[in-house]
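**Student:** Supplied in structure tokens, the structure appears directly below.
The values are calculated or read from the model by the stated rules, or taken from the named source; none is laboratory data. Treat the numbers as computed from the prediction; the structure is a model and nothing was measured. So basically every Cβ, Gly included, is an ideal-geometry build from the backbone, and we count neighbours across all protein chains shown.
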């Protein structure tokens, strides 16, 4: 698998020498020394996104993907548009053949740096590596989260938010499938016919689940201010796209 | 609140065109607390199933990290079940035909749910 | 799940699946165990069967004293984490008893709902009765051993 990151173009914060030093050590393969420098710098600048990004790049070369992801997420907490962190997270997703997540991160990176050729090249590489089947065009709908899962609660596509970790999406897929099954049972036992959707309202979110095909369901989540009718309209559009996607998947 | 007031609320809900029945249920045990329904609707079944649907919705919300559900509605081809949270552990629920005014029903349940404590 | 009568298996499996009950014990009103799910020791089954039959007999007597027509439909004990549903029901083979425990993944209402369906399905699945064998005292012990073997797979 090819590294889609461009090691030669780490983000730089002017005047912060440890970033330069850490990066040079990393490029020379002196990873332990580079990590020491990065951690020392982070101790002084804990909210510096570039420092977390540097640590992420070092950790991923040390084979510590989980630690690297944590570093890049920390970088995004400091600066949500940090291109290096997006590229890093995309790289890990790409290696795991999670092309949808990789593409999602790179698209966000492109928004932050539309003329960065390294990001554009990485995005091209991810798209070229993807299977022929495309995911549902859920990004067009503008929803906070779209999650497609099968009847057993296994995630098929999407997430519960652009920055939500995969394990969260997996947990929501499992519980969403359980809710979808319960909805189908309720409808059957009360003779209500086939389920069209289940909507769950809470003080901070609105969630709707739509049966898509063969036990698969689509979960759409939006902030609580979203009118229910709009949530349903979005969900119906996305359900149609998801059905097409599943059909092409065969 | 008196049982009379509960019955008044339930009668108002069942007065919405297309509503087959309404009930106050305990989500903890899935049992009916008060009811007003047509003969064909078994409110005990509705209470048990609505409580389980609410429970599953709560688990889904917890997995997402959002607040506990305040309303759950299931819309199917031939009808709908709408449930709105009242004071813990009570929920106000209604079963309606597919052509019922679900928007009005949802608002009415929301208005009354806080008053069933 | 272990059953003495094979036609009990499908209705009981559906009941367990739909109600999310954890443990179930189906027995005759005389205390003979017909099916069990969730018990691992024969001693527990025998104790639960005896206690369940005793509780139902007690509440039945209570119903008679206070003048309730017929028996109570079910006895429910609701605990913090688990509940117990104990009910008698009529079958073509006579009155049977079911003891069911359930956790927070289920509810009294759900057990009640699917228990009613279980009783209906069981009645529909019951084959025509064969001649009742007289249980002789000397055969009782062997029959009990056979039943426990069937219910616990030879333990």
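**Student:** Would you say residue C:31 is in a loop (DSSP other than H, G, I, E, B) and surrounded by 13 or more Cβ atoms within 10 Å (Cβ to Cβ)?
**Tutor:** Against the criterion (in a loop (DSSP other than H, G, I, E, B) and surrounded by 13 or more Cβ atoms within 10 Å (Cβ to Cβ)), residue C:31 qualifies.
**Student:** May I ask you to list the residues in the stretch A:72-123 that are part of a helix (DSSP H, G or I), over 15 Å from the mean Cα position of the chain (by Cα) and without any contact (Cβ under 8 Å) to a residue 24 or more places away in the chain?
**Tutor:** Residues satisfying the conditions are A:117, A:120.
**Student:** From (1) over 19 Å from residue C:110 (Cβ atoms); (2) buried (at least 21 other Cβ atoms within 10 Å of the Cβ); (3) within 14 Å of chain C (Cβ to nearest Cβ), pick out the condition that doesn't hold for residue B:62.
**Tutor:** Answer for residue B:62: the failing condition is (2).
**Student:** Checking residue B:5 against (1) surrounded by fewer than 23 Cβ atoms within 10 Å (Cβ to Cβ); (2) in contact with a strand residue (DSSP E or B) (Cβ under 9 Å, 6 or more places away or on another chain), only one condition comes out false. Which one?
**Tutor:** In the conditions (1) surrounded by fewer than 23 Cβ atoms within 10 Å (Cβ to Cβ); (2) in contact with a strand residue (DSSP E or B) (Cβ under 9 Å, 6 or more places away or on another chain), residue B:5 misses (2) alone.
**Student:** May I pose another question? Conditions first: (1) in contact with a strand residue (DSSP E or B) (Cβ under 8 Å, 6 or more places away or on another chain); (2) touching a residue at least 24 places away in the same chain (Cβ under 8 Å). Residue B:114 passes all but one, so which condition is the exception?
**Tutor:** Failed condition: (1).
**Student:** When you go through (1) in contact (Cβ under 8 Å) with a residue 40 or more places away in the chain; (2) assigned to a helix (DSSP H, G or I); (3) away from chain C (no Cβ under 12 Å); (4) in contact with a helix residue (DSSP H, G or I) (Cβ under 7 Å, 6 or more places away or on another chain) one by one for residue B:104, which number turns out not to apply?
**Tutor:** Residue B:104 satisfies every listed condition except (4).
**Student:** Given the criteria over 19 Å from residue A:188 (Cα atoms), in contact with a helix residue (DSSP H, G or I) (Cβ under 9 Å, 6 or more places away or on another chain) and within 14 Å of chain C (Cβ to nearest Cβ), does residue B:27 qualify?
**Tutor:** The answer is yes for residue B:27.
**Student:** Taking the stated definitions as given, is residue C:110 buried (at least 21 other Cβ atoms within 10 Å of the Cβ) and within 16 Å of the chain's Cα centre (by Cα)?
**Tutor:** no
**Student:** Residue B:50 is checked against (1) within 14 Å of chain C (Cβ to nearest Cβ); (2) under 24 Å from residue A:167 (Cα atoms) and fails just one. What number does that condition carry?
**Tutor:** Residue B:50 satisfies all of (1) within 14 Å of chain C (Cβ to nearest Cβ); (2) under 24 Å from residue A:167 (Cα atoms) except (2).
**Student:** Let me ask another. Given the criterion modelled with pLDDT under 95 and either touching a strand residue (DSSP E or B) at 6+ places or on another chain (Cβ under 7 Å) or part of a loop (DSSP other than H, G, I, E, B) (or both), identify the matching residue among B:16, B:54, B:72, B:46.
**Tutor:** Answer to the selection: B:16.
**Student:** (1) in a strand (DSSP E or B); (2) at the interface with chain B (Cβ under 9 Å from one of its Cβ atoms): which one isn't true of residue A:218, the others all being true?
**Tutor:** (2)
Yes/no matrix, rows are residues, columns are (1) modelled with pLDDT under 90; (2) surrounded by fewer than 24 Cβ atoms within 10 Å (Cβ to Cβ); (3) out of contact with any strand residue (DSSP E or B) (no Cβ under 9 Å at 6 or more places or on another chain):
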| site | (1), (2), (3) |
| --- | --- |
| A:56 | no, no, yes |
| A:63 | yes, yes, yes |
| A:69 | no, yes, yes |
| A:72 | no, no, yes |
| A:75 | no, no, yes |
| A:78 | yes, yes, yes |
| A:81 | yes, yes, yes |
| A:87 | no, no, yes |
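Here is a yes/no grid of residues against (1) at the interface with chain B (Cβ under 7 Å from one of its Cβ atoms); (2) at pLDDT 90 or above; (3) over 22 Å from the mean Cα position of the chain (by Cα); (4) part of a loop (DSSP other than H, G, I, E, B):
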site: A:158; (1), (2), (3), (4): no, no, no, no
site: A:161; (1), (2), (3), (4): no, no, no, yes
site: A:174; (1), (2), (3), (4): no, yes, no, no
site: A:186; (1), (2), (3), (4): yes, yes, yes, no
site: A:209; (1), (2), (3), (4): no, yes, no, no
site: A:226; (1), (2), (3), (4): no, no, yes, yes
site: A:236; (1), (2), (3), (4): no, yes, yes, no
site: A:239; (1), (2), (3), (4): no, yes, no, no
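**Student:** Something else about it: Can you run down the residue pairs with Cβ atoms below 7 Å, 6 or more apart or on separate chains, where the first is in the stretch C:74-87 and in a strand (DSSP E or B) and the partner is exposed (fewer than 14 other Cβ atoms within 10 Å of the Cβ)?
**Tutor:** C:83/C:77; C:84/C:77; C:87/C:73
**Student:** Looking for whichever is in contact with a strand residue (DSSP E or B) (Cβ under 6 Å, 6 or more places away or on another chain) and either at pLDDT 80 or above or more than 21 Å from residue A:73 (Cβ to Cβ) (or both) here; the options are A:117, A:195, A:132, A:126. Which one fits?
**Tutor:** A:195
**Student:** Any residue at all in the stretch B:77-85 that is more than 13 Å from residue A:199 (Cβ to Cβ), under 13 Å from the mean Cα position of the chain (by Cα) and crowded, with 20+ Cβ neighbours inside 10 Å?
**Tutor:** Yes - at least one qualifying residue is present in the stretch B:77-85.
**Student:** Restricting attention to the stretch A:141-156, does a residue exist that is buried (at least 20 other Cβ atoms within 10 Å of the Cβ), away from chain B (no Cβ under 12 Å) and not in a strand (DSSP E or B)?
**Tutor:** The answer is yes; a qualifying residue exists.
**Student:** Test residue A:203 against the criterion of being more than 24 Å from the chain's Cα centre (by Cα) and either within 7 Å of chain B (Cβ to nearest Cβ) or at pLDDT 95 or above (or both), and give yes or no.
**Tutor:** Considered against the rule, which asks whether it is more than 24 Å from the chain's Cα centre (by Cα) and either within 7 Å of chain B (Cβ to nearest Cβ) or at pLDDT 95 or above (or both), residue A:203 comes out as yes.
**Student:** Which one of the conditions (1) in a helix (DSSP H, G or I); (2) touching a helix residue (DSSP H, G or I) at 6+ places or on another chain (Cβ under 8 Å); (3) within 30 Å of residue A:181 (Cβ to Cβ) does residue C:45 fail to meet, given that it meets all the rest?
**Tutor:** Going through (1) in a helix (DSSP H, G or I); (2) touching a helix residue (DSSP H, G or I) at 6+ places or on another chain (Cβ under 8 Å); (3) within 30 Å of residue A:181 (Cβ to Cβ) one by one, residue C:45 breaks only (3).
**Student:** Counting only residues that are closer than 18 Å to residue A:244 by Cβ and either buried (at least 23 other Cβ atoms within 10 Å of the Cβ) or in contact with a strand residue (DSSP E or B) (Cβ under 6 Å, 6 or more places away or on another chain) (or both), how many does the stretch A:198-215 have?
**Tutor:** 3
**Student:** If you don't mind, another one. What number goes with the only condition from (1) in contact (Cβ under 8 Å) with a residue 12 or more places away in the chain; (2) surrounded by fewer than 18 Cβ atoms within 10 Å (Cβ to Cβ) that residue C:64 does not pass?
**Tutor:** (1)
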